[in-house]
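These notes concern the structure reproduced below.
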Amino acid sequence: MRRSRQQSKERWQTPRVVLQPGVYQGMQAGINKIVDAISPTLGPRPRIVALENTAARHRSPEMLDDGGTIARRIIELPGRDEDVGAMYLRHVLWKLHENVGDGTATAAVVFREVYNQGVRYLASGGNAMRLRRYLDDGLRIIVGELGGMTSHLEGKEALARLAESICYDPPMAKLIGEIFDIIGEYGRLEIRSHRSFGLEREYIEGVYWDSGIISRLMFTNQTSLRAELNDALILITDLIVEDPRDLIPPLTLVAKAKMREVFLIVKSLSDLGIGFLTSPKFAEQIKVVAAKLPGGTRDVQQGAMQDLAILTGGRPIRTDAGDTLSRVKIEDFGRARTVWADRTHFGIVGGQGDPRELREHIATLRAAHARMDEANERQKLESRLGKLISGSAILKVGAFTETELKVRKELAERTASAMRAAMQEGVLPGGGAALLACRPVLQQRLEQSQDFDERMAYRILLRAVEAPFRALVENAGYESSVVLGRVDQAGPGHGFDVLSGQVVDMAEEGIFDPAVVQKAAVRSAIGGAALALTTDVIVHRAAAPTEYQT
């Protein structure tokens with residue numbers, strides 16, 4: 001054992017340059033291992049991947065059926081050459097997971113097919129750079145074909161069928177379909193753990209933010225631990241209020257306006273300020289409830305201030321503008337029919353902002369969302385849009401065990417993410433049928449080409465677009481070549497429903513995939529594999545003592 005560890009240490013600490021054919025052999029081995037771990041999760045009858053809990057081996061393993069998470073959990077393979085291929089594919093899949101939330105299993109099997117077929121061709125004397133160029137040309141053709149097949153869904157039943165195509169959990173799909181039919185593609189959906197073993201949904205009037213009341217002393221109902229104000233003025237600021245005397249000028253304006261209820265949104269409020277606002281003598285005149293400004297970063301806080309101001313008709317009091325509470329005017333206050341707050345959230349019902357200004361603001365956010373490529377920034381914009389134009393809902397997920405609960409919550413979150421993408425950018429025939437439908441145009445290009453590298457690229461892509469269908473069918477226990485022949489005989493638009501074991505019209509059966517997920521998956525897979533095929537040299541650095549496998 002000591003000798004084995006010493007050999008491992010020496011191997012990982014030795015710098016080395018690897019040339020062909022060692023590069024392809026090593027990377028191919030690592031890529032195939034990653035895909036072998038992920039491909040069983042594809043389809044409505046997936047296999048589960050169990051990951052050992054290395055921090056506490058006596059605890060139960062982590063049970064996963066999400067390709068992105070599985071890839072993320074694999075942090076190193078024993079062989080240095082295969083580790084390069086595995087970590088390259090891991091990065092491709094995780095970026096896809098971060099950007100669209102799904103499609104990693106599809107991308108994994110397409111990537112493997114392109115890479116393995118490409119390596120075989122290059123080993124026989126093909127040109128890697130020419131092959132990559134033609135693979136990229138074919139990728140553009142596939143994405144264009146998928147764009148032509150895209151359609152949009154409406155209605156609770158159609159959305160529920162779409163959700164079931166994503167999560168393969170009928171009860172969950174039914175609730176998620178209903179929720180998105182009500183809240184829309186930008187609406188806020190919060191996934192929470194539930195004490196019972198089933199699923200429940202709850203709809204919330206108005207909009208709410210993840211920031212609670214500053215002090216329990218401000219609850220208007222100490223039993224429910226909730227505060228509620230009616231016909232309230234709202235002051236929005238990112239100021240830090242330390243001296244309670246700073247609150248006197250704006251609250252004097254409130255008293256002169258003969259208003260009695262105020263909701264104060266501040267970055268922070270001192271204990272002296274809380275004591276002043278909750279003192280019996282002051283509370284008899286004006287009821288004030290204070291909440292912290294939402295967001296943990298400056299950009300999120302600034303966005304929340306802007307949204308709140310437009311929604312309620314107020315003006316944000318900003319530190320960077322040199323504003324102070326002593327200069328506040330009554331016109332700076334927003335207004336709402338009802339404001340509520342509990343320990344973790346506050347919400348606004350019936351904001352009194354200018355409807356035209358609100359519509360213009362929403363249009364600006366929509367345009368920014370359409371232009372944004374970075375996944376985290378897109379999510380921030382989606383969250384802001386959801387608060388301004390759609391409803392809010394909570395899906396409560398229960399299960400018998402902690403492991404099952406974690407898996408089911410992650411499934412609900414992935415499904416919600418894919419549903420948003422599908423509602424925004426449309427759907428495609430599911431079950432791998434959309435990629436199968438790209439074969440005629442690829443076959444036509446193959447027959448028209450006289451260039452050997454180009455012909456090989458189209459042959460590779462013809463195999464690659466079949467890979468998700470074959471994996472899905474084989475995961476369900478069927479022979480993929482036999483089933484593919486039956487689908488081809490049925491004609492365009494048909495696929496295989498593995499749950500019923502029948503060849504069906506996918507659109508009529510409501511079996512769909514989000515278009516944005518399928519497009520992103522093939523872009524990541526084909527583009528990533530084409531780039532990997534041009535790798536000719538691996539340079540291994542000397543690993544630090546803590547970086548090698550022990």
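Restricting attention to the stretch 423-452, the residues being free of Cβ contacts under 8 Å to residues at least 40 places away in the same chain and closer than 15 Å to residue 466 by Cβ number 4. Within the stretch 202-231, the only residue that satisfies the criterion of being over 20 Å from residue 266 (Cα atoms), within 23 Å of the chain's Cα centre (by Cα) and crowded, with 17+ Cβ neighbours inside 10 Å is 204. Return a yes/no flag: does the stretch 311-325 have any residue that is surrounded by fewer than 17 Cβ atoms within 10 Å (Cβ to Cβ), in a loop (DSSP other than H, G, I, E, B), in contact (Cβ under 8 Å) with a residue 60 or more places away in the chain and aliphatic (A, V, I, L, M). There is no residue in the stretch 311-325 that is surrounded by fewer than 17 Cβ atoms within 10 Å (Cβ to Cβ), in a loop (DSSP other than H, G, I, E, B), in contact (Cβ under 8 Å) with a residue 60 or more places away in the chain and aliphatic (A, V, I, L, M). Evaluated against (1) at pLDDT 95 or above; (2) hydroxyl-bearing (Ser, Thr, Tyr); (3) within 18 Å of the chain's Cα centre (by Cα), residue 165 falls short on exactly one condition, (1). You will find that of 248, 234, the residue that is surrounded by fewer than 16 Cβ atoms within 10 Å (Cβ to Cβ), under 23 Å from residue 309 (Cα atoms) and either touching a helix residue (DSSP H, G or I) at 6+ places or on another chain (Cβ under 9 Å) or free of Cβ contacts under 8 Å to residues at least 24 places away in the same chain (or both) is 248 and no other. Taken together, the criteria exclude residue 449 from residues that are of a type in the set (Gly, Ala, Ser) and either closer than 30 Å to residue 199 by Cα or crowded, with 20+ Cβ neighbours inside 10 Å (or both). Within the stretch 68-81, residues that are under 13 Å from residue 41 (Cβ atoms) reach partners that are among the charged types (D, E, K, R) with beta carbons closer than 6 Å, at six or more positions or on different chains, in the pairs 71/90. Is it fair to say residue 108 is within 14 Å of residue 67 (Cα to Cα) and small (Gly, Ala, Ser)? Criteria met by residue 108.
Residues checked against (1) modelled with pLDDT under 95; (2) among the small types (Gly, Ala, Ser); (3) assigned by TED's automatic domain parsing to the domain that holds residue 17; (4) not in a helix (DSSP H, G or I):
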residue	(1), (2), (3), (4)
50	yes, yes, yes, yes
59	yes, no, yes, yes
68	yes, yes, yes, no
89	no, no, yes, no
96	yes, no, yes, no
113	no, no, yes, no
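Each residue in the stretch 216-226 was checked for being at pLDDT 90 or above and out of contact with any strand residue (DSSP E or B) (no Cβ under 7 Å at 6 or more places or on another chain), and 3 pass. Taking (1) modelled with pLDDT of 85 or more; (2) over 14 Å from the mean Cα position of the chain (by Cα) in turn, residue 383 satisfies each apart from (2). Somewhere in the stretch 290-306, is a residue farther than 21 Å from residue 392 by Cα, at pLDDT 95 or above and buried (at least 19 other Cβ atoms within 10 Å of the Cβ)? Checked against the condition, which is being farther than 21 Å from residue 392 by Cα, at pLDDT 95 or above and buried (at least 19 other Cβ atoms within 10 Å of the Cβ), the stretch 290-306 yields at least one hit.
Results for (1) assigned to a helix (DSSP H, G or I); (2) touching a Cys at 6+ places or on another chain (Cβ under 7 Å); (3) under 20 Å from residue 347 (Cα atoms), shown as yes or no for each residue.
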residue: 236; (1), (2), (3): no, no, yes
residue: 252; (1), (2), (3): yes, no, no
residue: 255; (1), (2), (3): yes, no, no
residue: 258; (1), (2), (3): no, no, no
residue: 265; (1), (2), (3): no, no, yes
residue: 272; (1), (2), (3): yes, no, no
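Only one of the numbered conditions (1) touching a strand residue (DSSP E or B) at 6+ places or on another chain (Cβ under 7 Å); (2) within 23 Å of residue 187 (Cα to Cα); (3) of a type outside the set (A, V, I, L, M, F, W, C) is violated by residue 260, and that is (2). Considering 460, 362, which residue is assigned to a helix (DSSP H, G or I), closer than 24 Å to residue 35 by Cα, of a type in the set (Val, Ile, Thr) and modelled with pLDDT of 85 or more? None of the others qualify; the one that does is 460. With the structure loaded, tell me whether residue 402 is closer than 28 Å to residue 105 by Cβ, over 16 Å from the mean Cα position of the chain (by Cα) and surrounded by 17 or more Cβ atoms within 10 Å (Cβ to Cβ) or whether it fails that test. No; evaluated as a whole, the condition is false for this residue.
The values are calculated or read from the model by the stated rules, or taken from the named source; none is laboratory data. Model, not experiment: these values are computed from the prediction. In this analysis, Cβ positions are derived from the backbone assuming ideal geometry, glycine residues included, and neighbour counts consider all displayed protein chains.
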